[in-house]
1. Taking only pairs six or more apart or across chains, which ones have beta-carbon atoms under 7 Å, a first residue in segment 191-210 that is assigned to a loop (DSSP other than H, G, I, E, B), and a second residue that is among the charged types (D, E, K, R)?
2. Check Asp66 against each of (1) surrounded by 10 or more Cβ atoms within 10 Å (Cβ to Cβ); (2) over 30 Å from Ile153 (Cα atoms); (3) modelled with pLDDT of 90 or more and name the one condition it does not meet.
3. Which one is modelled with the highest pLDDT, of the residues in segment 79-97 that are touching an Asp or Glu at 6+ places or on another chain (Cβ under 9 Å) and of a type outside the set (A, V, I, L, M, F, W, C)?
4. When you scan segment 196-208, do you find a residue that is closer than 21 Å to Ala258 by Cβ, of a type in the set (Val, Ile, Thr) and surrounded by 10 or more Cβ atoms within 10 Å (Cβ to Cβ), even just one?
5. Hey, Phe211 hits all of (1) of a type outside the set (D, E, K, R); (2) exposed (fewer than 13 other Cβ atoms within 10 Å of the Cβ); (3) over 30 Å from Ser31 (Cα atoms) but one; which does it fall short on?
6. When both residues are 6+ apart or on different chains and their Cβ atoms are under 8 Å apart, which pairs have a first residue that lies in segment 173-185 and is under 21 Å from Ile105 (Cα atoms), and a second that is outside any helix (DSSP H, G or I)?
7. So which of Arg183, Arg95 ends up being outside the structural domain of Arg329 (by TED's automatic domain parsing) and closer than 17 Å to Phe12 by Cα?
8. With the structure loaded, tell me whether Leu80 is surrounded by 12 or more Cβ atoms within 10 Å (Cβ to Cβ), under 31 Å from the mean Cα position of the chain (by Cα), under 30 Å from Glu316 (Cα atoms) and of a type outside the set (Phe, Trp, Tyr) or whether it fails that test.
Amino acid sequence: MARPIWTGSITFGLVSVPVGMYSATHEHEVSFHQFAKGTADRIRYRRVNERTGKEVDFDDIVKGADVGGGDYVMLDQEELDSVAPGRSRSLEIDRFVDLGDIDPIFYQKTYYLGPGNEETTKVYGLLRDAMADAGRAAIGRLVMRGKEYLAAIRADGDLLVLQTMYFADEVRDPKDQIDDLPRRNAAKPAELHMAQQLIDSMTGRWEPGDFRDTYTDRVNALIDEKKAGKDITRADEAPEPTPVTDLFEALRRSVEAASQRRKATGTADADGGRGGSKAKKSTAGGAKKGSGSSAKKSTGGARKRSGKAAEMTKAELLARAADLKIRGRSTMSRPELEKAIRKAS
């Protein structure tokens, strides 16, 4: 059983829910050591006192804040912890928000939350079920590893899931980063229509297991080839940019190729694609009924709530189900959510 990387309590109102936090994800990549080129000499990094040249133990290192003029204010971990008494062991919920209102750009890293102990499972389950039925996420802050995090907590089946988030001033304004964005609706109508056809022909359900880190696979294959003394298999070069004059023809050929691939693999629209006649027929007429003022208020517009159920993300489906007050929605699969939304609409 994994050990929690953080333990504390979620508090909302006068209710406190002890929890443990566990990593929900891990990255897989090839681990390399560093060597001096042309030798078998390992390169290692040490913490060295720049004045004496002697190595310093980690426990003897403190942090210094540059205050200008070559002066520093020295702080140890105990002093840093003192400015947030209790915050390193508590996450106070500030508010609950609709899941559909959160822009994914703010999400940072995902963690599982488990009950702090057997005695608190009932309170944990109460918070989970109440948030699931409401289709909302809890927003709060916690201090972990010497840093304060904005966090969103949501229900996911039997679990509470916490996602650390960026603060607003940590998200860069794209206008400060990119100065040559094309204006809206600059493409020709025929090109736009063909691009939409290409999107429709390549649309399907989100299945995480369909995707694999092929770069890591290729690096491992490269290591095996070099180990066996074989010739290295080089990857294809990146394609050249499509000339503007050839755009329509490139789109047309892409639509034909995508359609042929779907036929060859048997992925008909009725199998789970979002653009098929079955999906259109089953959701027709339901969109208008669910696009009232309450949906606009919770998402900043009717688009997310009023679209066809098969074209929504699961978060949007949950938000739509919340608008329709569908009970038990948090434990439903995507097809069950779509069916329940169509029935309620």
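The values are calculated or read from the model by the stated rules, or taken from the named source; none is laboratory data. A quick note: this is a predicted structure, and the numbers were derived from the prediction, not measured. Please note: Cβ atoms are built from the backbone with ideal geometry, for glycine as well, and neighbour counts cover all protein chains shown.
1. The qualifying pairs are Thr203/Arg274.
2. Against the list (1) surrounded by 10 or more Cβ atoms within 10 Å (Cβ to Cβ); (2) over 30 Å from Ile153 (Cα atoms); (3) modelled with pLDDT of 90 or more, Asp66 comes up short only on (1).
3. So in segment 79-97, the residues touching an Asp or Glu at 6+ places or on another chain (Cβ under 9 Å) come out as 84, 87-88.
Pick out the ones that are also of a type outside the set (A, V, I, L, M, F, W, C) and you get 87-88.
Numbers: Arg87: 52, Ser88: 63.
My answer is Ser88.
4. Scanning segment 196-208 turns up at least one residue that is closer than 21 Å to Ala258 by Cβ, of a type in the set (Val, Ile, Thr) and surrounded by 10 or more Cβ atoms within 10 Å (Cβ to Cβ).
5. Failing condition for Phe211: (3).
6. Pro174/Leu181
7. Arg95
8. no
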